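Each reported figure results from applying straightforward, stated rules to the coordinates on display, with no laboratory input. Note that the structure is a prediction, hence the values are computed from the model and not measured. Here the Cβ is made from the backbone with ideal geometry for all residues, glycine too, and neighbour counts use every protein chain on show.
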Amino acid sequence: MNLSQFLRIEREGKDGSRHYVLHTHDPKFSMELTPDGAAPDKMGRGVIKRVCVPNSWAGDYPKYAKFITAAQDFFEQSRENPAPKLETRRLGV
């Protein structure tokens, strides 16, 4: 699985931060994750809160299970090596 096809978005709000992982190539989908309080670093791979997949994938769990696992791996790795602030501002993220 190519992790460069994923994008992590973190949004700060009055209720705390919200974390999203998007798959930017076909099949396009998004996941919302919450921090895993049971993990040693209190974040872990995240706990899946919501998954939005194309209608054509509805009910075909084995088909996108590998993508969801890869998205959680990407979420964990992206926190370990975050992009520099200047880079994220340059990209308008």
Can you find, among Y61, Q5, Q72, the residue sitting farthest towards the positive end of the charge dipole of the range 3-91, where Lys and Arg contribute +1 and Asp and Glu -1 at Cβ?
Q5
Student exercise, the range 3-91 dipole from Lys, Arg, Asp, Glu Cβ charges, in Debye to nearest 20:
240 debye
Where Cα atoms sit under 23 Å apart: lysine pairs in the range 3-91 separated by 8 or more or lying on different chains:
9
Cut-off 16 Å, label point 7 angstrom out along Cα-to-Cβ of S17: give me the residues of the range 59-79 whose amide nitrogen falls inside.
74-79
To check my understanding: the extent here is largest minus smallest coordinate of the Cα atoms along each principal axis. What are those three numbers for the range 3-91, in Å, largest first?
37, 33, 25
